[in-house]
Each structure stands twice: as C-alpha cells, then as structure tokens.
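The values are calculated or read from the model by the stated rules, or taken from the named source; none is laboratory data. All values derive from a computational prediction rather than experimental measurement. A quick note on method: Cβ atoms are made from the backbone with ideal geometry, for glycine too, and the neighbour counts reach across all protein chains shown. The protein model used for the area step is the full one, side chains on, heavy atoms only, and it has no ligands, DNA or RNA in it. Shrake-Rupley method; radii C 1.70, N 1.55, O 1.52, S 1.80 Å.
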Amino acid sequence: MDLVVQVPAELFAPAETSSFDGLYDPGSFSCGPDDYVAVAPLPYRVVLTNVGGAILVSGSIEGELRTTCGRCLDDMTVQVNGEVEGYFIIEGEGEAPDDMDEDEFDVLPETHEIDLEPLLMAALLVDVPLVPLCSDDCRGICPQCGKNLNEGDCACVRDDVVVGKNNPFAALKDLSFD
C-alpha cells in the first residue's frame, strides 16, 4: 500500500487544492503501555492546499482499533477519528511562520513527494485513549486472585473494602455534612 503522494504541478499555484483518499493499515503498534491493531484497513482522506510558499496537508482517518482494557484486560475495540495535519515548506518560495517550532513543519523534498504514513500514524496516536476502557464503569480485576470483577465479586477479603482502623479514611465514615 503506497502512501507516498506526488504533489501535482498545478498545486504550485497559490490557493490550489488536491484531494487524496485511500486505506491505511497501520499493522500492530504501541502507544504507551497499550498495543493496538486495526480491525480493518482505516479509510483516510486528505486535502493538499497551497497556502502561499507551503503545502498544507489536512484531513481525517477513522475506523476501529483492537486493544485490551486498561482495567480488566479483556479484548475490546476503540473508535478513532484522527485529524491529519502536515505543513511542508516549498523550498525557495516560503518559510515557516514565526509561531511554528522546527518540529511542526517539513521542507517539501525536490521530488515533490509527501509520505502520508507518518501523518496518518500521528493522527492515530493523538486520538487513541490515554487509558482504553471497555466501559466507564469497568471494575477491573482483583489484585489478589485476578478474577475479572465485571463478571462478579470474588471471595478475597480486600483491605480497600474493609473500613477498619488501619484505613486512613475510616474517620470520614461518620462525618456529617449537615
């Protein structure tokens, strides 16, 4: 799957645009401690626009990724809808805006080709959840026996459930807010 697009000659005139779309299969990738794999190739659409001295790449990528829940470790899917962004300076014609850092733009190569893969992957990495959860009320797993607490309680006696004198919050149980 070739994700390198050739910038058309007509795009070297200010305010011209060109659209590209396709499917991107990111394969297996990690973001922090979590591993992801696409359920199916992810559709993307990008628009290249000459913004006067530079080519602006903008668009979106969406689909489903498979991962594991950060609490119960069950398999799950997450929906992604990432925003694709890139800024490529046309050498000899433009320069980076003053408010842009060096890592926020590239120089358009002499071949006039743009590799969309790093832009698509960046859009996915920004859009995946910080902690993937199968549901907002996922109870996780018991730290003692490993039972998935979404399937029911376990027989373990856990210190965090027992409100005794060793619990630092025990004094709050009788506190009245009236």
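Out of the residues in segment 140-157 meeting the condition of being in a helix (DSSP H, G or I) and touching a residue at least 24 places away in the same chain (Cβ under 8 Å), tell me which one is surrounded by the most Cβ atoms within 10 Å (Cβ to Cβ).
From segment 140-157, those in a helix (DSSP H, G or I) are 149-151; that's our starting set.
Next, only the ones that are touching a residue at least 24 places away in the same chain (Cβ under 8 Å) stay: 149-150.
Numbers: LEU149: 14, ASN150: 16.
Within segment 140-157, the match that is surrounded by the most Cβ atoms within 10 Å (Cβ to Cβ) is ASN150.
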Legend entry - Residue check for ALA170: among the aliphatic types (A, V, I, L, M), at pLDDT below 85 and closer than 30 Å to VAL57 by Cβ: no
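Just to be sure I understand, how many residues within segment 105-152 are touching a helix residue (DSSP H, G or I) at 6+ places or on another chain (Cβ under 7 Å) and hydrophobic (A, V, I, L, M, F, W, C)? Explain how you work it out, then say what you get.
Keep residues of segment 105-152 that are touching a helix residue (DSSP H, G or I) at 6+ places or on another chain (Cβ under 7 Å), which gives 138-142.
Retained after the next criterion (residues that are hydrophobic (A, V, I, L, M, F, W, C)): 138, 141-142.
Of the residues in that region, 3 qualify.
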When (1) loosely packed, with under 13 Cβ neighbours inside 10 Å; (2) outside any loop (DSSP other than H, G, I, E, B); (3) modelled with pLDDT of 90 or more are applied to ASP137, the one that fails is (2)
* Considering every residue within segment 12-24, establish whether at least one is part of a loop (DSSP other than H, G, I, E, B) and free of Cβ contacts under 8 Å to residues at least 24 places away in the same chain. => no
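Output yes when any residue across segment 107-127 is assigned to a loop (DSSP other than H, G, I, E, B), loosely packed, with under 12 Cβ neighbours inside 10 Å and modelled with pLDDT of 75 or more, and no when none is. Step through it out loud before you land on a result.
Restricting attention to segment 107-127, the residues satisfying the condition of being assigned to a loop (DSSP other than H, G, I, E, B) are 108-112, 116.
When the remaining residues are screened for being loosely packed, with under 12 Cβ neighbours inside 10 Å, the result is 110-111.
Next, from what is left, pick out any that are modelled with pLDDT of 75 or more: 110-111.
There is at least one residue in segment 107-127 that is assigned to a loop (DSSP other than H, G, I, E, B), loosely packed, with under 12 Cβ neighbours inside 10 Å and modelled with pLDDT of 75 or more.
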For GLY82, the lone unmet condition from (1) open to solvent by 20 Å² or more (accessible area, probe 1.4 Å); (2) within 24 Å of ASP115 (Cβ to Cβ) is (1)
A careful count of residues in segment 25-59 that are in contact (Cβ under 8 Å) with a residue 40 or more places away in the chain, in a loop (DSSP other than H, G, I, E, B) and either surrounded by 13 or more Cβ atoms within 10 Å (Cβ to Cβ) or in contact with a Cys (Cβ under 7 Å, 6 or more places away or on another chain) (or both) gives 3
